[in-house]
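All of the numbers you see were taken from the coordinates with simple rules; none came from a lab. Here the structure is a predicted model, which is why all the values come from computation and not from measurement. Positions of Cβ are backbone-derived with ideal geometry, glycine not excepted, and every protein chain shown enters the neighbour counts.
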Amino acid sequence: QVQLVESGGGLVQLGGSLRLSCAASTNIFSINAMGWYRQAPGKQRELVATFPRIGSRYYVDSVTGRFTISRDISKNTVHLQMNSLKPEDTAVYLCYARSTGTTYWGQGTQVTVSS
């Protein structure tokens with residue numbers, strides 16, 4: 001069982017920045033991948049960024065160059081730095097962790113970008 005606690009998010013103006021954090025209850029070296037999905041009203045859930053245990057980080061095309069996913073191993077935490085935010089980034093952002101074939105979810109945090 002992996003528990004995930006998210007922090008960050010909020011309301012920001014067009015072009016602003018936010019940082020999301022996701023703290024895991026276990027050593028993140030034991031987790032195959034961590035990252036973030038987002039879900040906007042009326043839209044499908046979308047994978048935003050992934051930090052795999054092995055391999056390259058992944059970003060959806062729409063955030064490439066603006067968002068950066070990183071991890072702090074000492075704190076078992078993954079961060080999502082979001083810069084140059086746009087109104088279309090408005091969504092609930094959900095941290096996930098995939099381990100031993102099971103996907104775990106954070107509680108979700110709202111990100112709202114005003115124009």
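Observations on the structure shown:
- Between Ser30 and Arg45, full extension at 0.36 nm per residue minus the direct alpha carbon distance yields a gain of 2.9 nm.
- Full-extension gain in nm, Thr103 to Ser70, via 0.36 nm per residue minus C-alpha separation: 9.9 nm
- Calculated log₁₀ intensity ratio I(q)/I(0) where the Debye formula runs over C-alpha points of the stretch 67-115, q = 0.15 Å⁻¹: -0.52
- Placing unit charges on the Cβ atoms of the charged side chains and taking the dipole of the chain about its Cα centre, the candidate lying farthest along the positive direction among Met34, Ser62, Val113 is Met34.
- Computed over the alpha-carbon pairs of the chain, the distance histogram in 10 Å steps reads 15, 50, 29, 6, 0 percent, short to long.
- Backbone HN-Hα couplings from phi across the stretch 103-115 [Karplus 6.51/-1.76/1.60, Hz, Gly and Pro as x]: 9, 10, 10, x, 7, x, 9, 7, 10, 10, 10, 9, 9
- The chain: most fluctuating residue of Phe67, Phe29, Phe51 per GNM, C-alpha cutoff 10 Å: Phe29
- Using C-alpha pairs under 8 Å with a sequence gap of at least 6, the mean separation divided by the residue count of the chain gives a relative contact order of 37 percent.
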